[in-house]
Amino acid sequence: MISQLSWKVGGQQGEGIDSTGEIFSTTLNRMGYHLYSYRHFSSRIKGGHTNNNIRISSKEVRSISDHINILVAFDQETIDVNAHELVSDGVILADAKFKPTKPEGIEAALIQVPFTEIAQEHGSKLMKNMVAVGASARLMHLHSQDFEDMIYKMFIRKGQEIVDSNIQALLAGYEYIQNKSEFIEGDFELEKVEKRDQLYLIGNDAIAFGALNAGVRFMAAYPITPASDIMEYMIQHLPSVKGTVIQTEDEIAAVTMAIGSNYAGARSFTSSSGPGLSLMMESIGLSGMTETPLVIVDAMRGGPSTGLPTKQEQSDLMQMIYGTHGDIPKIILSPTDVEDAFYLTTKAFNLADKYQLPVIVLSDLQMSLGKQTTPVYDLSKVTIDRGKMITDQIADENGDYYERYEITEDGISSRPIPGVKGGIHHVTGVEHNSIGTPNEGSVNRKAQMDKRMLKVKDFSLDKPFKVNGEKESELLIISFLSVNGAVDEAVERIDNNITVIHMRQLFPVPIEALRPYLDGAKKISVIEQNYTGQLFNIIKMNYGGHDKMDTFVKYDGTPFKPVEIEDYINDIL
Amino acid sequence: MATFKDFRNHVKPNWCPGCGHFSIQAAIQRAAANNGIEPEELALISGIGCSGRVSGYIKSYGFHATHGRSLPLAQGVKMANDDLTVVASGGDGDGFAIGMGHTVHALKRNIDITYIVMDNQIYGLTKGQTSPSSSTGFVTKSTPDGSIEAPIVPIKTAMASGATFVAQSVSSDIKGLTKIIEEAMNHKGFSFVAVFSPCVTYNKVNTYDWFKEHIVPIDTIEDYDETDSNAVTRHINEHEGMLTGILYRDTERKSYSEYIDGYLDETLVERELKLEQDQFDDIMAAFK
Ligand SMILES: Cc1ncc(C[n+]2csc(CCOP(=O)(O)OP(=O)(O)O)c2C)c(N)n1
Ligand code: SF4
Ligand SMILES: [Mg+2]
């Protein structure tokens with residue numbers, strides 16, 4: 001009996017690899033297992049190797065694994081590319097159709113299963129993924145009934161006949177392994193778990209569901225990997241609340257439309273990835289200068305330029321902080337995991353409204369597209385706070401312009417939306433005075449610049465980061481987004497006084513909250529996925545203890561495995 | 001009810017005396033008043049250029065955006081609050097160079113706003129470079145030997161992009177222009193209004209007198225049918241883009257939001273935003 005294993009299915013893109021993983025993992029989620037998945041894919045639609053890796057555990061998992069235990073292969077390439085990741089007592093379940101062979105030096109067992117043939121016997125070779133799911137389920141000693149229920153749920157709208165043939169294909173795969181079980185040596189029997197009510201979703205869906213709950217009823221966006229799912233989620237779900245999405249002509253239009261809509265009083269946002277964010281920079285400055293609330297999601301992928309469009313990286317941080325010309329106030333957030341992605345996104349909209357500035361919610365490809373289990377979300381924890389937005393008539397005594405940019409103690413001024421009588425004012429990206437009229441005078445310039453920058457000068461979330469460990473430590477590790485899970489798992493394996501910080505607020509850098517941990521650590525390491533150590537440099541800029549600071553980076557496009565971080569920590573401690 | 005004086009503010013325009021943009025400003029103010037709109041119900045979104053300043057000279061809600069981006073911003077405003085009368089405006093550089101992508105897509109999208117292009121065939125604010133609508137051979141700072149490119153003819157672009165309302169006027173004709181803007185505001189869908197607006201400082205060719213000589217009002221054309229797009233396109237071509245008046249109207253196509261089920265039942269700014277528990281549970285169930 002084992003508490004966790006890693007299962008991978010691979011084949012040619014367009015061959016149903018995703019749906020195989022989908023059926024398998026959705027069922028496991030209903031059974032109560034903790035899951036964490038990773039999709040390897042390329043920019044091609046048809047053809048090209050693709051695989052879906054699902055880690056299954058009776059305890060919480062938030063990272064890909066070091067190795068895989070079961071490899072389901074629909075072609076020889078899958079074996080050639082992935083077999084080296086198998087543990088020595090692992091197994092390859094390969095479609096007998098392509099006469100699979102094992103590369104030299106691979107100890108894992110190779111079991112040929114006539115996936116295609118069995119599927120054909122039951123009506124269509126398309127059902128080979130059902131045969132594979134059945135075979136995998138039997139290998140892990142899981143009940144077939146849970147899978148049958150899932151097939152019913154997924155296919156009943158296509159008719160009972162389709163349901164029946166798929167179940168037959170599943171059971172045939174199940175039985176095939178059952179009959180072979182005496183030849184299978186490794187232990188793949190998964191510890192049983194209690195059924196739990198939990199969610200299994202990608203970070204992008206968590207973010208999108210967050211936006212929906214924050215009150216977004218209009219979105220403008222332009223497709224790009226790995227952010228498109230956010231827009232697609234909204235396209236699917238906004239109609240149920242009579243909302244809509246405009247797929248714009250480009251990202252500049254998307255972001256300016258969102259600005260227009262927010263200016264007019266409706267919560268709106270856009271989502272994109274590095275290339276799109278590069279195009280949005282001038283407009284992000286407009287939002288900062290005109291104090292118009294704006295939320296943007298940046299799901300990072302490998303850069304620069306078109307870079308690695310389908311691969312993991314965290315290299316937009318510097319651009320998010322410094323990418324706009326001139327100085328503007330802004331807030332940059334990074335959810336610690338998929339659970340946080342929902343709540344922090346709802347919070348982002350409140351912050352944008354409260355401080356009247358751009359708020360960027362960062363994600364990375366692995367968090368955006370990796371599916372993981374997470375506790376159900378709690379509506380009662382969602383609040384909607386529109387800040388100093390004014391929607392009711394204002395007594396209009398002098399008949400002149402409203403002081404939209406009035407200098408106040410905290411820098412935040414009231415914001416009447418168009419349509420409000422008595423609230424008329426001008427808005428411009430040109431430096432302006434308190435009623436919004438262009439004014440380039442130096443006294444006014446300084447006053448308005450100070451006012452804007454004051455708004456978030458000392459800003460800090462209630463919880464600017466998630467910390468695990470003491471202030472005094474042998475080693476302090478700082479990470480963000482999907483790297484967090486791999487760091488946690490690596491640190492668990494090492495018996496030493498290590499403190500881990502997962503950043504939630506990246507900008508303004510919460511340096512005062514960080515300081516006791518930075519001061520108390522003998523060594524500090526920032527572990528991140530980019531070439532230059534962007535977060536490392538940001539913290540260094542704000543903190544003095546440079547001699548004890550180190551960074552560990554990865555920029556090959558693949559997510560960190562816990563073992564890589566474990567080895568690194570053992571090296572430096 | 002508001003009169004055009006209620007659309008005046010305290011700001012003194014910094015346009016050169018005689019600039020065509022003055023009359024466009026006045027026409028917008030008059031058209032809004034004639035249509036019975038209150039100042040707070042008008043949102044005027046402008047781009048960057050001498051033209052872009054117009055949103056600061058009219059007493060209404062105004063947003064002076066970035067160069068070329070008045071259209072997406074204005075569309076966002078309208079999507080948020082359909083009760084507002086939304087007007088976008090900007091120069092020929094704003095709309096046909098840096099913002100051309102937005103212009104074409106706003107035309108095809110057909111959101112219910114009015115777009116007024118203040119076309120002086122030159123870059124005014126940056127002191128006299130060639131513009132997308134400058135004629136071939138036009139000499140400017142950036143084309144000392146005369147432009148060697150063909151000009152964009154705005155109304156042709158509009159017709160080719162699926163426009164549902166196309167009009168053209170000259171800023172010297174405040175009365176005609178006012179009438180056009182009134183109708184543009186009333187049109188359900190995207191209204192494209194191109195206005196020849198002479199730059200008295202940098203364009204010494206396309207002057208008020210030049211336009212007087214060259215424009216062809218459509219009421220001088222026999223049996224002009226503003227709903228026949230083929231005929232309209234032919235007339236525009238025959239007169240090299242110099243026609244004025246309301247040139248084209250598509251009365252059948254609905255505006256963008258009218259095609260979205262329930263979207264206009266209540267403007268977004270009036271809605272209750274928090275989901276009901278059962279709605280929340282329903283939507284979340286997809287993740288299980
Ligand atoms: C991104 C960007 N590029 C360039 C400029 C400089 N710029 C300001 S206005 C303008 C052109 C103005 O011409 P037009 O739109 O025809 O307006 P006009 O001044 O003639 O009314 C340019 C190039 C800018 N503000 N922003
Ligand atoms: S430069 Fe030309 S467009 Fe600009 S204000 Fe003067 S006359 Fe008008
Ligand atoms: Mg111009």
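The values are calculated or read from the model by the stated rules, or taken from the named source; none is laboratory data. Because the structure is predicted, anything quoted here is derived from the model rather than measured. Neighbour counts run over all protein chains shown; Cβ positions are idealised from the backbone, glycine included. Surface accessibility is based on the protein's heavy atoms, side chains included, excluding ligands, DNA and RNA. Shrake-Rupley method; radii C 1.70, N 1.55, O 1.52, S 1.80 Å.
For the reader, a short list of remarks on this structure follows.
Yes/no matrix, rows are residues, columns are (1) in contact with a Cys (Cβ under 6 Å, 6 or more places away or on another chain); (2) buried (at least 18 other Cβ atoms within 10 Å of the Cβ); (3) charged (D, E, K, R); (4) at the interface with another protein chain (Cβ under 8 Å from one of its Cβ atoms):
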{"residue": "B:Leu243", "(1), (2), (3), (4)": "no, yes, no, no"}
{"residue": "B:Tyr248", "(1), (2), (3), (4)": "no, yes, no, no"}
{"residue": "B:Glu252", "(1), (2), (3), (4)": "no, no, yes, no"}
{"residue": "B:Leu264", "(1), (2), (3), (4)": "no, no, no, no"}
{"residue": "B:Arg271", "(1), (2), (3), (4)": "no, no, yes, yes"}
{"residue": "B:Asp278", "(1), (2), (3), (4)": "no, no, yes, no"}
{"residue": "B:Ala285", "(1), (2), (3), (4)": "no, no, no, no"}
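- Check on B:Val200, within 14 Å of ligand 2 (Cβ to nearest atom), closer than 20 Å to B:Asp92 by Cβ, in contact with a Gly (Cβ under 8 Å, 6 or more places away or on another chain) and open to solvent by 10 Å² or more (accessible area, probe 1.4 Å): yes
- Residue list for segment B:33-55, filter: open to solvent by less than 10 Å² (accessible area, probe 1.4 Å) and either in a strand (DSSP E or B) or within 13 Å of another protein chain (Cβ to nearest Cβ) (or both): B:Leu42, B:Ala43, B:Leu44, B:Ile45, B:Ser46, B:Gly47, B:Gly52, B:Val54, B:Ser55
- Selection of first residues in segment A:186-210 that are within 11 Å of chain B (Cβ to nearest Cβ) and of second residues that are surrounded by fewer than 24 Cβ atoms within 10 Å (Cβ to Cβ) and acidic (Asp, Glu), restricted to Cβ pairs under 7 Å at least 6 apart or on distinct chains, gives the following pairs, ordered by first then second residue: A:Ile202/A:Asp229; A:Asp205/A:Asp229.
- Considering A:Gly105, A:Gly123, A:Gly134, A:Gly90, the condition of being outside any helix (DSSP H, G or I) and open to solvent by less than 10 Å² (accessible area, probe 1.4 Å) is satisfied by A:Gly90 alone.
- Single residue of B:Ile111, B:Ile116 found to be part of a loop (DSSP other than H, G, I, E, B), of a type in the set (Val, Ile, Thr) and either touching a residue at least 40 places away in the same chain (Cβ under 8 Å) or closer than 19 Å to B:Val153 by Cα (or both): B:Ile111
- Of all the listed residues (B:Gly76, B:Gly68, B:Gly95), the sole one being free of Cβ contacts under 8 Å to residues at least 40 places away in the same chain, among the small types (Gly, Ala, Ser) and within 12 Å of ligand 1 (Cβ to nearest atom) is B:Gly68.
- Verdict on A:Arg404 being within 14 Å of chain B (Cβ to nearest Cβ), touching a residue at least 24 places away in the same chain (Cβ under 8 Å), basic (Lys, Arg) and closer than 21 Å to A:Pro329 by Cβ: yes
- Options A:Thr391, A:Thr346, A:Thr373, A:Thr336; residue that is within 11 Å of chain B (Cβ to nearest Cβ) and in contact with a His (Cβ under 6 Å, 6 or more places away or on another chain): A:Thr373
- Looking across segment B:131-168, the residues that are within 16 Å of ligand 2 (Cβ to nearest atom) and open to solvent by less than 40 Å² (accessible area, probe 1.4 Å) come down to B:Ser131, B:Pro132, B:Ser133, B:Ser134, B:Phe138, B:Thr140.
- The listed residue being touching a Ser or Thr at 6+ places or on another chain (Cβ under 8 Å) and surrounded by fewer than 23 Cβ atoms within 10 Å (Cβ to Cβ), out of A:Pro516, A:Pro510: A:Pro510
- Qualifying positions in segment B:230-244 - part of a helix (DSSP H, G or I) and out of contact with any helix residue (DSSP H, G or I) (no Cβ under 7 Å at 6 or more places or on another chain): B:Asn230, B:Ala231, B:Arg234, B:His235, B:Asn237, B:Glu238
- Within segment A:47-75, considering residues that are out of contact with any helix residue (DSSP H, G or I) (no Cβ under 8 Å at 6 or more places or on another chain) and small (Gly, Ala, Ser), the one nearest to A:Lys311 (Cα to Cα): A:Gly48
- Here the condition is being open to solvent by less than 10 Å² (accessible area, probe 1.4 Å) and of a type in the set (D, E, K, R); of A:Arg267, A:Arg196, it holds for A:Arg267 alone.
- Of the residues making up segment A:483-501, those that are in a strand (DSSP E or B) and open to solvent by less than 10 Å² (accessible area, probe 1.4 Å) are A:Thr499, A:Val500, A:Ile501.
- Pairs with Cβ under 7 Å, 6+ apart, first in segment B:213-233 and more than 16 Å from B:Gly162 (Cβ to Cβ), second part of a loop (DSSP other than H, G, I, E, B) and open to solvent by 60 Å² or more (accessible area, probe 1.4 Å): B:Ala231/B:Asp225
- B:Gln29 being modelled with pLDDT of 95 or more, away from ligand 3 (no atom under 16 Å from the Cβ), open to solvent by less than 40 Å² (accessible area, probe 1.4 Å) and assigned to a helix (DSSP H, G or I): yes
- Subset of segment B:83-106 (residues that are part of a loop (DSSP other than H, G, I, E, B), within 7 Å of another protein chain (Cβ to nearest Cβ) and either within 16 Å of ligand 2 (Cβ to nearest atom) or open to solvent by less than 10 Å² (accessible area, probe 1.4 Å) (or both)): B:Leu84
- For segment B:107-129, the set of residues classified as at negative phi, open to solvent by 40 Å² or more (accessible area, probe 1.4 Å) and within 13 Å of ligand 1 (Cβ to nearest atom) consists of B:Tyr123, B:Leu125, B:Thr126, B:Gln129, listed by residue number.
- Qualifying residue in segment A:283-303 (condition: assigned by TED's automatic domain parsing to the domain that holds A:Ala220, among the hydroxyl-bearing types (Ser, Thr, Tyr) and not in a helix (DSSP H, G or I)): yes
- Candidates in segment A:424-438 are the residues that are assigned to a loop (DSSP other than H, G, I, E, B) and facing chain B (nearest Cβ under 7 Å); of these, the one that is nearest to B:Asn81 (Cα to Cα) is A:Ile424.
- Positions within segment A:354-389 being under 20 Å from A:Pro508 (Cα atoms) and open to solvent by less than 20 Å² (accessible area, probe 1.4 Å), in sequence order: A:Gln356, A:Leu357, A:Pro358, A:Val359, A:Ile360, A:Val361, A:Leu362, A:Ser363, A:Asp364
- Just one of (1) buried (at least 24 other Cβ atoms within 10 Å of the Cβ); (2) over 28 Å from B:Asn81 (Cα atoms); (3) more than 11 Å from chain B (Cβ to nearest Cβ); (4) of a type outside the set (Gly, Ala, Ser) fails for A:Ile230. It is (2).
- Count of segment B:65-78 residues which are within 7 Å of chain A (Cβ to nearest Cβ), open to solvent by less than 10 Å² (accessible area, probe 1.4 Å) and within 14 Å of the chain's Cα centre (by Cα): 4
- Matching residues, segment B:70-82, being away from ligand 3 (no atom under 16 Å from the Cβ) and either small (Gly, Ala, Ser) or not in a helix (DSSP H, G or I) (or both): B:Ala74, B:Gly76, B:Ala80, B:Asn81, B:Asp82
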